[in-house]
Amino acid sequence: MARFWVCVAGAGFFLASLVLHSRFCGSPVLRNFAFQISWRSEKVAYRLDLDWPKYSDYFTGTTFCVTVDSLNGLVYVAQRGDNIPKVLVFTEDGYFLRDWNYTVDTPHGMFAASTLHEQSVWITDVGSGSYGHTVKKYNTFGDLVQVLGTPGKKGTGLNPLQFDNPAELCVDDTGDIYIVDGDGGLNNRLIKLSQDFMILWLHGQNGTGPAKFNIPHSVTLDSSGRVWVADRGNKRIQVFDKETGEWLGEWNNCFTEEGPSSVRFTPDGKYLIVAQLNLSRLSFLAAPPVGSIGDCSVISTIQLPDQVLPHLLEVDRKTGAIYVAEIGAKQVQKFVPLNSYLLAFGV
């Protein structure tokens, strides 16, 4: 029988425990897993949404990444495997819409850039085939729009730009692109490109010092103009000024056991959510104020089973829901802020 522990005071504890216990035990995928959530503040409490997706049979490969188009309520999942659709599209309610497989070899990371003027999906591809070692832009129906890098050929060059196992990217609302390149490949670098794909600045050397990397695996932005990079091999997060590329500091005291594999902020910017792959753990870290980096402080954790292995995650900027791509469990799970759920029940 699956178990779920929730540590929260008052009526919230009873409702969360009752709902999750009754639904969790009936899940065909997760019924043998045990979850544990702990937190110090009810403000960062989440529940597992067992209704997402409506049918898990669509996950036919290893789910490596997920992204959310908050403007249109769409969730994109990329998976690896032979003779399967590589990209799956769901609604935020969990209904399957469509899939596509064109020009995707081995997806690693993805990002949905959604504005009133344009909706697109970017995918980093680490495959060794004819579409590998690239960063590609698609429209929402899977039509290839742009290719960065040299398809099928890894490299370190900047003109023309080449990649080797590009891990993830983030697109600013201005159209500027931030790419972490080097998931165990030749490169260990962070690159900022303009919306017309010109290099604005980069940090590109392997090492342990400031602005050097060992497997830069994930990248995100905060609302204060800072770039946050999961420097996985060095067991730290590095922070940069998004305009100048200046190194602002690092967090390493939270990652003595394992480095971060994914980083995303909550919509209010108060917390940085970090996934640690082999620990199967999500941590909520207190975001620092403007003008300071300081040391990281763990406010809350969601402990998943050992078999889950959360690889990359995404946060819906409208609802605050967290989507986690799990390469061990071969699925994507959705966690919903518990306070919104309790309010719906009048608690």
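The values are calculated or read from the model by the stated rules, or taken from the named source; none is laboratory data. As the structure is a computational prediction, the values presented were derived from the model and not from experiment. Heads up, the Cβs are rebuilt from the backbone with ideal geometry, glycines too, and the neighbour counts pull from every protein chain shown. SASA here: full protein model, heavy atoms, side chains in, ligands and nucleic acids out. Shrake-Rupley method; radii C 1.70, N 1.55, O 1.52, S 1.80 Å.
Any idea which residue in segment 299-340 is least open to solvent (accessible area, probe 1.4 Å), counting only those that are without any contact (Cβ under 8 Å) to a residue 60 or more places away in the chain and not in a strand (DSSP E or B)? Step by step, filter segment 299-340, then rank; the result is G320.
Taking W228, is it in contact (Cβ under 8 Å) with a residue 24 or more places away in the chain, within 26 Å of A78 (Cα to Cα) and either open to solvent by 20 Å² or more (accessible area, probe 1.4 Å) or under 14 Å from the mean Cα position of the chain (by Cα) (or both)? Yes; evaluated as a whole, the condition is true for this residue.
Looking at S70, is it open to solvent by 10 Å² or more (accessible area, probe 1.4 Å), modelled with pLDDT under 90 and out of contact with any strand residue (DSSP E or B) (no Cβ under 6 Å at 6 or more places or on another chain)? In short, no.
Criterion applied to P160, P151 was being touching a strand residue (DSSP E or B) at 6+ places or on another chain (Cβ under 6 Å), free of Cβ contacts under 8 Å to residues at least 40 places away in the same chain and surrounded by fewer than 19 Cβ atoms within 10 Å (Cβ to Cβ), and the one residue passing it is P151.
Across segment 257-273, not a single residue is classified as among the acidic types (D, E), under 18 Å from I177 (Cα atoms) and free of Cβ contacts under 8 Å to residues at least 24 places away in the same chain. Residue pairs whose Cβ atoms lie under 7 Å apart, sitting 6 or more positions apart in sequence or on different chains, and linking a residue in segment 240-252 that is without any contact (Cβ under 8 Å) to a residue 12 or more places away in the chain to a partner that is open to solvent by less than 10 Å² (accessible area, probe 1.4 Å) and part of a strand (DSSP E or B), are E246/F240. Scanning segment 274-289 for residues that are without any contact (Cβ under 8 Å) to a residue 60 or more places away in the chain, hydrophobic (A, V, I, L, M, F, W, C) and open to solvent by 10 Å² or more (accessible area, probe 1.4 Å) turns up L277, L279, A286.
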